[in-house]
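Since the structure comes first, as structure tokens, the remarks are kept for the end.
Values quoted throughout were computed directly from the atomic coordinates according to the rules given, and no laboratory measurement underlies them. This is a predicted model, so every value here is computed, not measured. In this analysis, Cβ positions are derived from the backbone assuming ideal geometry, glycine residues included, and neighbour counts consider all displayed protein chains.
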Amino acid sequence: MSQLQSSTLTSLAMLKVNLDQSNGDYLDYLVPFVVHTIRTHNIDPVTEQAVGHNLKDDFGLVIPDRVVQIILRRLAKHNLLQRKHSVFHVCGDLPNNDMDARRNEASRHIQKVCDALIKYALESSTTWSEEDATRALLSFIGEFSIECLNAYARGTTLLELPPNDSKNLYLVSRFVKDAHDSNTQLFDAIIVVVKCHMLANALICPDLESVQRKFKHVTFYFDTPLVLGLLGLHGEHQKQATDSLLRLLNNLEAKTAVFEHTAQEVYRVIEWAENNIEKPDSYNATIIKEMRWLHKKKSDLRLIRLKLNDHFGRLGLVRHRNPPHDRQSQINEADLQSTLSKTVKYSTERAAACDINSIRNIYALRKGMSPCRLEDSVAVLVTSNTALARAAYQFGQSWEEMREVSSVITDFSLANVAWLKAPLGAPELPEREVLAMCYAAMEPRTELWNKYLDEIDRLKEQGNITAQDHELLRVSLRANDELMDLTLGSEAAFDGSTVSTILQRVKADLVKEQADILDAEQQSHEQTRRERDELINRNQNIQARIFWVSRSAAKWMTRILFAMMVTVIVVGSYWPAHQLPDSVGGNRLIWWLGFFSVLITTIWGIFGNIFGWSLIQWKNRIHNKLEHSIYNWLLRMLNLLDGHTD
């Protein structure tokens with residue numbers, strides 16, 4: 001299993017190289033893998049089952065048979081395979097794609113990441129073998145798989161992942177976060193693998209054409225935690241990730257909204273935080289942690305609460321009232337509540353009721369429809385709560401209209417699906433999603449935090465720590481970090497000595513903060529990193545704008561081209577050519593237009609039936625070529641202008 005896991009990481013790095021060298025669609029960058037597999041194993045006759053099996057053994061990628069079948073048909077069109085009686089055979093010599101050299105280069109690339117991760121774990125008193133590091137890294141990448149969408153049949157092209165251990169997830173998340181802060185090359189290497197996994201997720205989509213479709217007919221309803229994230233109340237990295245997702249959805253013509261009861265809950269949560277931000281006992285709330293970290297006051301929260309409607313308008317979130325419910329769309333709320341209670345841990349009954357109300361509204365809005373694609377699903381609830389999405393998906397299996405597309409989708413899954421539709425339209429999204437997940441994984445889970453609070457309360461009652469120490473352990477942001485560093489996020493690693501160690505470190509840190517001033521070199525490093533991030537964001541925004549301009553220009557050029565072609569065919573086909581005298585040059589021109597229109601129509605009718613051509617496929621292919629050419633031309637022009645400026 002270790003060898004297969006290592007091959008998976010290497011193959012993902014190889015996909016990036018193929019993608020950079022390919023001007024085609026998502027299937028084209030998998031073609032070299034298939035050709036290499038057929039050549040290496042001398043597969044003949046060539047079947048999708050044999051190719052898929054060897055792809056898994058050689059490269060650690062699980063590719064559906066349907067996708068392999070499409071690639072085999074493409075190879076047949078290029079005369080690399082021959083199809084007889086629905087069976088493919090190799091005809092001639094298959095090209096040597098130099099996959100071994102690519103594999104070796106990608107393997108060295110991945111090896112550097114694994115070695116750095118092993119060294120990083122050792123610094124945290126955790127000894128990992130290469131197999132352990134590979135498994136932990138794969139589990140981390142697997143967090144970016146598509147969940148709770150049956151239309152995306154498998155969820156990931158990765159092998160079956162090992163159980164996600166909180167200790168491993170915390171270590172890898174901290175490793176990635178530190179790489180982002182201090183080692184740009186290492187962080188870029190990790191992002192390459194994550195991006196390629198997200199791109200590879202396109203291969204699991206049963207209807208690859210849906211990847212090209214926009215979200216014109218879908219309204220995405222954001223739940224309370226995501227709205228709080230958009231308001232900046234769950235941390236800067238969560239805000240950036242959700243902002244990128246919202247902007248990408250708008251560019252893909254989706255509608256975004258919140259239910260009225262969600263807006264009211266957001267109001268109540270902010271009001272609660274406003275009333276409790278100065279109370280030490282309420283530190284466990286995410287909003288209060290972030291507000292204290294940013295040195296925000298009660299008045300700041302009050303201002304956000306009073307201007308909530310203005311924020312909704314700025315973000316493009318429309319407040320929708322609950323739709324009317326009829327018998328056809330009425331669900332069994334008791335069964336839903338029972339399903340949710342088994343997987344989702346709610347802090348209050350009101351929070352559970354809000355989720356039930358949202359899911360019920362999604363069923364009512366779909367009005368008994370049975371969408372097979374996310375793009376046709378009318379309404380979907382978007383949440384950052386993976387447990388809620390899984391529970392809603394499980395509940396939906398008992399409803400015919402919800403078996404294909406769940407009523408709830410995670411923001412990670414939606415970001416992946418949306419990004420696949422326009423990777424160049426939001427180049428920063430994967431990086432922001434990675435960082436948001438890292439920071440979330442570095443927060444103590446509720447069980448660990450409650451155990452910590454119970455222990456410091458017990459020590460205070462016994463007189464082992466003072467009231468000042470007790471307050472410091474509750475309020476200090478450093479205590480939160482030390483708790484995670486000592487336990488690595490594992491509740492089992494927490495014992496009686498943990499609190500005393502945390503207290504010693506927190507006090508030492510306070511003394512150091514009072515005595516030391518930030519080193520000048522560290523300030524310079526931080527300034528350089530900020531300038532680098534600003535430059536990267538600027539370039540990514542420029543690339544995104546160029547991409548959307550290219551897409552729009554290609555769309556209109558394609559429409560004009562097809563309008564001209566249809567005009568020629570229609571005018572030429574219906575003109576009474578036999579009544580035109582030969583002496584009139586203009587009439588001859590029209591006669592020739594008619595002749596060529598009949599010729600084009602005849603050729604298209606004959607060969608279109610033979611080769612399965614369709615006008616829509618041809619139009620999409622021309623649109624994609626124009627879009628790619630315009631994008632590259634604009635980039636070259638921009639680079640030339642920058643060169644002259646310099």
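With a simple spin-label model that places each label point 7 Å from the Cα along the Cα-to-Cβ direction, the separation between Ile542 and Gln111 comes to 3.7 nm. One chain, two ends: Leu94 and Asn322. Fully extended at 0.36 nm per residue, the span grows by 76.1 nm beyond their Cα-Cα distance. FRET efficiency for Leu635 and Ala353, Cβ-Cβ distance as r, R0 = 56 Å, nearest 0.05? Once rounded, the FRET efficiency stands at 0.65.
Distance between the modelled labels on Ser124 and Asn464, one decimal in nanometres: 2.6 nm (7 Å Cα→Cβ projection). Residues Phe312, Phe395, ranked from the fewest to the most other C-beta atoms within 10 Å, line up as Phe312, Phe395. Subtracting the Cα-Cα distance of Lys367 and His295 from 0.36 nm times their residue separation leaves 21.2 nm of extension gain. Is the C-alpha gyration tensor of region 444-515 telling us rounded, prolate or oblate? Criteria: a/c under 1.5 is rounded; beyond that, a/b larger than b/c is prolate, otherwise oblate. Cα axes put region 444-515 in the oblate bin. Summarised in one figure, the compactness ratio Rg/Rh of region 410-479, Cα atoms and Kirkwood Rh, is 1.31. Ranked for footprinting exposure by Cβ neighbours inside 10 Å, fewest first, Tyr393, Tyr221 give Tyr393, Tyr221.
Reported value for region 222-374: 133 Å³ per residue, from the convex hull of its C-alpha atoms. Farthest towards the positive end of the charge dipole of region 444-515, among the residues Pro444, Leu486, Ser476, is the Cα of Ser476, using unit charges on the Cβ of Lys, Arg, Asp and Glu. Going from the residue with the fewest nearby Cβ atoms within 10 Å to the one with the most, Arg319, Arg474, Arg636 rank Arg636, Arg319, Arg474. The label point for Gln397 and the one for Lys451, both projected 7 Å from the Cα toward the Cβ, are 3.1 nm apart.
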